[in-house]
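Undergrad: Quick one: the structure is below, questions incoming.
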Amino acid sequence: MLPPGETIFTTFRLAGSVPARAFRELHRQRQVAQEAARALPDPAAYQAAHRRAEKVFFAGFDALLDAATVGPTFLEKEKIAELVAGELMLLEELGFQVLAFALLPNHVHAVLHLPQGSGVSFYKALQLLHQRTAAQSRRLLRSTLPPEADFWQTSSYDYAVHEAAELPRLIDYVRHNAERSHKQGRWLEWPYCYVSPAFE
C-alpha cells in the first residue's frame with residue numbers, strides 16, 4: 001500500500017503525433033458524455049458515467065498514438081529513449097516514486113507517486129523533465145528537427161489514481177504496452193519499459 005499522496009497516470013507525446021481532426025472528435029465525444037453524466041441525479045451514477053467517458057476517451061487517444069499515422073517517432077531512437085528513461089528515473093531524486101513507465105515511438109506512459117509533504121510540484125517537475133529532454137534530444141536531432149519545431153506536445157493526459165484497485169491495473173497496462181499495441185521484434189524486449197520491483 002502506498003502512503004497518502006498523489007498518484008498520477010500520465011501520458012505525454014511528441015508534438016504532432018495525433019491527427020488533429022480525430023483528436024478534436026474524441027474531445028467532442030468526451031464532452032457530450034460528461035454533460036450526459038452531469039444530468040444524472042445520483043452521485044454514484046454520475047461518477048461511474050464520468051469514469052466511463054474518461055476511459056473511452058483515453059482508449060481512443062492511445063489507439064491514435066499507437067497507430068502513429070502522423071508525426072515523428074523519435075522515441076524509437078535508442079539514444080533518445082535512453083535519455084528520456086534516465087530523466088524519468090531521476091524523478092526519484094526529487095522525492096517521486098517511479099512505479100512504471102513505457103516508451104513507445106511517439107509517446108510515454110508513466111505511473112508516478114508523489115508522497116504527501118514532499119514539497120515538490122508534480123506538474124513543475126514534469127515541465128522541467130520535458131524541457132531537459134527536449135533540449136538534449138534537439139542536440140541529437142539537429143539534422144532532422146527544425147529549430148522552430150516543438151519536441152513535446154504541450155498538453156498531456158493526466159489521470160489521478162484515487163482507488164487502490166486501479167493502481168495494479170494501470171501498472172499492468174504500462175507493463176504490457178508493447179504487446180497490447182501489437183509491436184513486434186525488438187519492441188517485445190525493449191529495455192525502456194520499467195516496473196518498480198514493488199509491483200513485480
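The values are calculated or read from the model by the stated rules, or taken from the named source; none is laboratory data. As the structure is a prediction and not an experimental result, all values here were calculated from the model. Virtual Cβ from ideal backbone geometry, glycine too; neighbours counted across all protein chains shown. Just the protein is used for accessible areas: all its heavy atoms, side chains included, with ligands, DNA and RNA removed. Shrake-Rupley method; radii C 1.70, N 1.55, O 1.52, S 1.80 Å.
Undergrad: Within the stretch 77-84, does at least one residue satisfy the condition of being touching a residue at least 24 places away in the same chain (Cβ under 8 Å), at positive phi and open to solvent by less than 90 Å² (accessible area, probe 1.4 Å)?
TA: Checked the stretch 77-84: no residue is touching a residue at least 24 places away in the same chain (Cβ under 8 Å), at positive phi and open to solvent by less than 90 Å² (accessible area, probe 1.4 Å).
Undergrad: Next up: As an exercise: evaluate residue 59 against (1) surrounded by 16 or more Cβ atoms within 10 Å (Cβ to Cβ); (2) without any contact (Cβ under 8 Å) to a residue 60 or more places away in the chain and give the number of the one condition it does not meet.
TA: The failed condition is (1).
Undergrad: Which of (1) at pLDDT 95 or above; (2) part of a helix (DSSP H, G or I); (3) under 14 Å from the mean Cα position of the chain (by Cα); (4) not small (Gly, Ala, Ser) is the odd one out, the single condition residue 108 does not satisfy?
TA: With (1) at pLDDT 95 or above; (2) part of a helix (DSSP H, G or I); (3) under 14 Å from the mean Cα position of the chain (by Cα); (4) not small (Gly, Ala, Ser) applied to residue 108, the lone miss is (2).
Undergrad: From 35, 25, 6, grab the single residue that is touching a residue at least 60 places away in the same chain (Cβ under 8 Å) and among the acidic types (Asp, Glu).
TA: 6
Undergrad: Here is a further query. Only one of these is in contact with a Leu (Cβ under 8 Å, 6 or more places away or on another chain), in a strand (DSSP E or B) and either under 16 Å from residue 7 (Cα atoms) or assigned by the TED database to the domain that holds residue 24 (or both): 99, 91, 167. Name it.
TA: So the residue among 99, 91, 167 that is in contact with a Leu (Cβ under 8 Å, 6 or more places away or on another chain), in a strand (DSSP E or B) and either under 16 Å from residue 7 (Cα atoms) or assigned by the TED database to the domain that holds residue 24 (or both) is 99.
Undergrad: With part of a helix (DSSP H, G or I), outside the structural domain of residue 178 (by the TED database), among the basic types (Lys, Arg) and at pLDDT 95 or above as the only criterion, which of 51, 28 stands out?
TA: One residue alone meets the criteria, 28.
Undergrad: Looking at the stretch 156-169, which of its residues are open to solvent by less than 60 Å² (accessible area, probe 1.4 Å) and not hydrophobic (A, V, I, L, M, F, W, C)?
TA: Matches in the stretch 156-169: 156, 157, 158, 159, 166.
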